[in-house]
Amino acid sequence: MRSEEGGKPDTAVVRDALGVGVAVGLSGFAFGVTSAGSGLSLLQTCALSLLVFTGASQFALVGALAAGGNPLTAAAGAFFLGVRNAFYGLRLSQLLALPRAVRPFAAQWVIDETTAVALAQPTRRSVRIGFTVTGLSLYLLWNLTTFLGAAGAEAIGDTDAWGLDAAGPAVFLALLAPMLKTATERAVAGIAVLLGLGLLPVLPAGVPVLVAALAAPAVLWATGRRRADTARAASADGADGAPAGAENGSPSDVRNRSQARAEHGSPAGTHDNGPDASGDVR
């Protein structure tokens, strides 16, 4: 298969995209089991995967419901987790440059995995291939395994004993960790984790996720404040720290004045009964 000049071969892009799609798609089985264990019906579980199709939000919703949380609070937590996909879409719309008629359908596949694969590609052709193959394979496999998991939940028994509800968050963290490249991003992630885990025992299910989202604006505000203070301090230092000798002139200026005096005679009063500064004899 051909590729654009300087890009990856199409076969390599397809291979990488399928690897992500298949690996993550299999975790839909865990979601189906967890959703059924939280009290959702087979139809409701499958509808979530078909229509919502964002694993972290789906796991957050059913996890909050399973813990006895208010449905509205659980839905709000899932919604705020899904908002990140809108920001992914802003970037992917530039890279994919799809026709307007196709964009509403492509938007359904704007998730963590498709974004990660697309952003890793060097050319527009490989971006489109990576996005399409990842989205298609993941969507089909995720919905298939969701159905199988929800249908077979009764045969598994106690879903909590298997710990399957941790599969979704584990996949999300595995995709997120390599993206935390700057100190600001790591600070946001760290504070969000502390807020989420720290408030989990004292707040209703789903609310700690909402509070943890405040880590981003807090860190961005602190970073902006620190940069402004640094800029003001640097400006003040530049105004107060004039170079040494600026009042009397630079060393080169002093030498030039000395040479001028030597050429035109010594200053007045240097020699008794000698010429004054103008060179006239008294």
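The values are calculated or read from the model by the stated rules, or taken from the named source; none is laboratory data. As the structure is a prediction and not an experimental result, all values here were calculated from the model. FYI the Cβ positions are ideal-geometry reconstructions off the backbone, even for glycines, and counts take in every protein chain you see. Accessible surface areas use protein heavy atoms only, side chains included; no ligands, DNA or RNA. Shrake-Rupley method; radii C 1.70, N 1.55, O 1.52, S 1.80 Å.
Out of (1) open to solvent by less than 70 Å² (accessible area, probe 1.4 Å); (2) at pLDDT below 80; (3) of a type in the set (V, I, T), the odd one out for T270 is which? Failing condition for T270: (1).
Going residue by residue through region 42-51, is there one that turns out to be open to solvent by less than 70 Å² (accessible area, probe 1.4 Å), touching a residue at least 12 places away in the same chain (Cβ under 8 Å) and hydrophobic (A, V, I, L, M, F, W, C)?
Yes, because at least one residue in region 42-51 is open to solvent by less than 70 Å² (accessible area, probe 1.4 Å), touching a residue at least 12 places away in the same chain (Cβ under 8 Å) and hydrophobic (A, V, I, L, M, F, W, C).
Rundown of residues vs (1) polar (S, T, N, Q); (2) at pLDDT below 70, yes/no style:
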site	(1), (2)
V127	no, no
Y139	no, no
T146	yes, no
A167	no, yes
E185	no, no
V188	no, no
G196	no, no
P201	no, no
V219	no, no
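The helices (runs of 4 or more DSSP H) falling completely within region 83-131 that include 3 or more residues that are buried (at least 18 other Cβ atoms within 10 Å of the Cβ) map to 84-96, 112-119.
Of the residues that make up region 25-38, is at least one open to solvent by less than 40 Å² (accessible area, probe 1.4 Å), within 25 Å of A213 (Cβ to Cβ) and without any contact (Cβ under 8 Å) to a residue 60 or more places away in the chain? Even if it seems obvious, please write down each step before you answer.
Step one: filter region 25-38 for residues open to solvent by less than 40 Å² (accessible area, probe 1.4 Å), giving 25, 27-28, 30-36, 38.
Then drop every residue that is not within 25 Å of A213 (Cβ to Cβ), which leaves 27, 30-31, 34-35, 38.
When the remaining residues are screened for being without any contact (Cβ under 8 Å) to a residue 60 or more places away in the chain, the result is 38.
Yes, some residue in region 25-38 is open to solvent by less than 40 Å² (accessible area, probe 1.4 Å), within 25 Å of A213 (Cβ to Cβ) and without any contact (Cβ under 8 Å) to a residue 60 or more places away in the chain.
On inspection, T115 passes the criterion of being β-branched (V, I, T) and under 17 Å from the mean Cα position of the chain (by Cα).
Just a yes or no: is a residue in region 136-144 part of a loop (DSSP other than H, G, I, E, B), open to solvent by 20 Å² or more (accessible area, probe 1.4 Å), under 21 Å from V83 (Cα atoms) and out of contact with any Gly (no Cβ under 7 Å at 6 or more places or on another chain)? No, there is no match, as no residue in region 136-144 is part of a loop (DSSP other than H, G, I, E, B), open to solvent by 20 Å² or more (accessible area, probe 1.4 Å), under 21 Å from V83 (Cα atoms) and out of contact with any Gly (no Cβ under 7 Å at 6 or more places or on another chain).
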